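One structure is given here, and the rest of the page talks about it.
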Amino acid sequence: LDDMPDKASIIDAFFTYAQREQQREAEALIKEENLNEEAARRYIRTSLKREYATENGTELNETLPKLSPLNPQYKTKKQTVFQKIGAF
């Protein structure tokens, strides 16, 4: 902070830091939950723009690893991923 000449520089530096952290957390979530990378990034980006995550539609389902909707783990995985993305 001592290197920052003014308040605007501090705000810009924090914004850059927050974006990097958010991206790092998103990448960790994608790897941890074994999500479809492209679909997960798109869903997270859309959710952040809307300022909320939704489980309606097919966007969330597309992020999930290949599991049959009849598999009991499918619903649990979907809820877990939805809650984690909603926490962003």
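Bear in mind these aren't lab numbers, they're just calculated from the coordinates by the rules spelled out. What you see is a predicted model; the values in this text were computed from it and never measured. Using ideal geometry, Cβ is built from the backbone for each residue, glycine included, and neighbour counts are taken over all protein chains shown.
General remarks:
- Residues located in the range 61-77, provided they are in a helix (DSSP H, G or I), closer than 13 Å to residue 34 by Cβ and among the charged types (D, E, K, R): 77
- Taking the criterion of being surrounded by 14 or more Cβ atoms within 10 Å (Cβ to Cβ) and either in contact with a strand residue (DSSP E or B) (Cβ under 8 Å, 6 or more places away or on another chain) or charged (D, E, K, R) (or both), the residues of the range 28-55 that qualify are 33, 41, 42, 55.
- Residues in the range 56-88 that are small (Gly, Ala, Ser) and under 21 Å from residue 22 (Cβ atoms) were compared, and the one that is surrounded by the fewest Cβ atoms within 10 Å (Cβ to Cβ) is 87.
- The condition of being surrounded by 10 or more Cβ atoms within 10 Å (Cβ to Cβ) and of a type outside the set (Val, Ile, Thr) holds for only one of 8, 13, that being 13.
- Selection of the range 9-51 for residues being under 22 Å from residue 77 (Cβ atoms), among the polar types (S, T, N, Q) and either within 11 Å of the chain's Cα centre (by Cα) or not in a loop (DSSP other than H, G, I, E, B) (or both) yields 46, 47.
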